[in-house]
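The values are calculated or read from the model by the stated rules, or taken from the named source; none is laboratory data. Just so it is clear, the structure is predicted and the values come from calculations on it, not from any experiment. Don't worry about glycine lacking a Cβ; one is built from the backbone with ideal geometry, like all the others, and counts go over all protein chains shown. Each accessible area value is taken on the protein alone, full model and side chains, heavy atoms only, with ligands, DNA and RNA left out. Shrake-Rupley method; radii C 1.70, N 1.55, O 1.52, S 1.80 Å.
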Amino acid sequence: MRYQFPEGFKIGATGAGWQMEGEFGKKAGHEHFPHLMYQMDKENWYQGVGPEVASDHYRRFQQDIPLFRQAGILQYRFNLDWTRFIDDFEACTVNEQEAEHYSKYIDCLLENGIEPVLCLEHWELPKALYERYDGYASRHTVDLYAEYARQAFRRYGDRVKMWFCFNEPIVIPQLCFLDGSWWPKLHEPKRAFLWMHHKVVATARAIETFRQLGREGEIGTILNPSYVVPRDAANPGDAYAAKVADAFYWGSFVDPAVKGQYPALYLELLEQNGCLFDWTQEDERLLKANTVDVLGVNYYQPMRVKQKEEGADRSGPFHPNWYFDGYDMPGKRMNPFRGWEIYPKSLYDIGKRIQREYGNIKWIVSESGMGVQNEQKYKDANGVIQDDYRIDFIAEHLAWLSKAVQEGSNCHGYWLFASIDNCSPYNAFKNRYGLVEVDREHGLERRLKKSAAWYKQTAESNSFCFDEVREP
Ligand code: BG6
């Protein structure tokens, strides 16, 4: 059947600064947090590769952006790298040369008929602020971030009309300080939740600044809220497990962004477990007064949970999974390369939930995509990667999204991760996500994949054909 999106719905793509640009020409002392993660833990990055060269997009953007347009990208979310744009982190002065680079970047998008969407942080916290203040643990870093945001709004607000404060603000505190999965691999929940809270406050500060400046356009934040699915919703133990997981991995960021307050259960459990951050009246005012215009939702896989096993060990530092276990659902579809479940219906469920519980606020699927290993093996005689699996993946996700939109969900776009192959955290170039291939065997040559032609047709007609979707 044919799916048609309404006018105003835009198909686009994304890419992260540090995962694509490469660290060319950076000033000494201007490294960012992902660079540090790589430097300190190189041996655990796939094949020892990190963000130094990445996709070399910083130097090749004038070649890449026309390819993005050929792949049908109509709206493009990219991000400034704080450590490039700002010259002196304390004084918040702008690095004129780098500011000019981003200005040219925006012009290049516009000249190619692509609407620029600008995000202010995809984890590129300056290493210097991490070392000096423990990053977002400090309110001073929040002040510096708000000043950085002000400089960016001033500089590019003439051409950029859609802004996002952060991409996935939960990820660094969660993976680095709570779960201990990424360097520095710590289990310090109090610190993790403090970082998270200050990133929530920083979001509100940036929104307030944007509005005070009277800039035309919209501002929001990009989250990766987990869509939590209980093993058996009718089982009270499973339902409670899902409620807690939802408070920590959906509500902790979506609620303050859209409703201006945290879920009560989140605060209650943090307090019970000695992890509640300092909370001021000014925070409360800020959050209430500065909710988002638009919400970005990055979605890759659902979070399936079940009741916690009896007698689970709670002797170590607090972790939200004291209240639930992951549920490995038999028969689930998997992307074996990334180890993530493929469950496109979540986009429908997310859309309906936002419609029901969040005032049907404008939202965008700000990341969705499929990372595949060894894509070279799918090349045809002309060297073009025949990524039909990616086309099917996107089409099925779009089909569910379209159903939600038809039923009134206020979704305005779908951005594929990613425009071009790029360097994943830890997995580096193992799994490829792009519509455009980066051929690392041949001087990082670029080539459109088969999916690019399909994507172009879909974006330009705002429609596509796919099977009728049914309840899985
Ligand atoms: C998102 C991030 O969570 O997932 C991206 O915003 C990331 O930075 C993407 O690259 C895909 O995950 P991964 O780990 O396979 O690169």
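I'd like the full set of residues that are under 17 Å from Tyr130 (Cα atoms) and without any contact (Cβ under 8 Å) to a residue 12 or more places away in the chain, limited to segment 150-179.
Matches in segment 150-179: Leu175 only.
Just name the residue that is surrounded by the most Cβ atoms within 10 Å (Cβ to Cβ) out of those in segment 166-180 that are within 11 Å of the ligand (Cβ to nearest atom) and either small (Gly, Ala, Ser) or assigned to a loop (DSSP other than H, G, I, E, B) (or both).
Pro169
Would a scan of segment 238-246 turn up a residue that is within 16 Å of the ligand (Cβ to nearest atom) and β-branched (Val, Ile, Thr)?
Checking segment 238-246: not a single residue is within 16 Å of the ligand (Cβ to nearest atom) and β-branched (Val, Ile, Thr).
Here is a list: Glu460, Glu445, Glu396, Glu407. Which entry is modelled with pLDDT of 95 or more, surrounded by 17 or more Cβ atoms within 10 Å (Cβ to Cβ) and of a type outside the set (Val, Ile, Thr)?
Matching residue, one of Glu460, Glu445, Glu396, Glu407: Glu396.
Considering only segment 210-231, state which residues are closer than 18 Å to Val117 by Cβ and open to solvent by less than 30 Å² (accessible area, probe 1.4 Å).
Phe210, Ile219, Gly220, Thr221, Ile222, Leu223
For Tyr323, indicate whether it is in contact with a Gly (Cβ under 8 Å, 6 or more places away or on another chain), modelled with pLDDT of 95 or more and more than 16 Å from the ligand (Cβ to nearest atom).
no
Pick out the one residue from Arg159, Arg211 that is among the charged types (D, E, K, R), over 18 Å from Met40 (Cα atoms), more than 16 Å from the ligand (Cβ to nearest atom) and in a helix (DSSP H, G or I).
Exactly one residue qualifies, and that residue is Arg211.
Scan segment 260-299 for residues that are more than 26 Å from Gly326 (Cα to Cα), among the aliphatic types (A, V, I, L, M) and not in a helix (DSSP H, G or I) and report the count.
Going through segment 260-299 one residue at a time, the tally reaches 3.
Considering only residues that are over 22 Å from Arg285 (Cα atoms), of a type in the set (A, V, I, L, M) and open to solvent by 30 Å² or more (accessible area, probe 1.4 Å), which ones fall in segment 239-272?
The answer is Ala239, and nothing else.
From Glu131, Glu147, Glu124, grab the single residue that is assigned to a helix (DSSP H, G or I) and touching a residue at least 12 places away in the same chain (Cβ under 8 Å).
Being assigned to a helix (DSSP H, G or I) and touching a residue at least 12 places away in the same chain (Cβ under 8 Å) holds for just one of Glu131, Glu147, Glu124, which is Glu147.
Out of Lys10, Lys26, report the one residue that is open to solvent by 10 Å² or more (accessible area, probe 1.4 Å) and within 26 Å of Thr458 (Cα to Cα).
Lys10
Test Gln47 against the criterion of being more than 21 Å from the chain's Cα centre (by Cα), open to solvent by 30 Å² or more (accessible area, probe 1.4 Å) and without any contact (Cβ under 8 Å) to a residue 12 or more places away in the chain, and give yes or no.
No: the conditions fail for Gln47.
Here's the yes/no breakdown for (1) closer than 28 Å to Arg353 by Cβ; (2) of a type in the set (Val, Ile, Thr); (3) within 16 Å of the ligand (Cβ to nearest atom):
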residue	(1), (2), (3)
Ala381	no, no, no
Ala399	yes, no, no
Trp415	yes, no, yes
Asn431	no, no, yes
Gly434	no, no, yes
His442	no, no, no
Lys449	no, no, no
Phe466	yes, no, no
Val469	yes, yes, no
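Any residue at all in segment 238-259 that is outside any helix (DSSP H, G or I) and not acidic (Asp, Glu)?
Within segment 238-259 (the criterion being outside any helix (DSSP H, G or I) and not acidic (Asp, Glu)), the answer is no, since none of the residues qualifies.
Within segment 54-99, which residues are open to solvent by 20 Å² or more (accessible area, probe 1.4 Å) and free of Cβ contacts under 8 Å to residues at least 60 places away in the same chain?
Within segment 54-99, Tyr58, Arg59, Gln62, Pro66, Arg69, Asp88, Glu90, Ala91, Thr93, Glu96, Gln97 meet the criteria.
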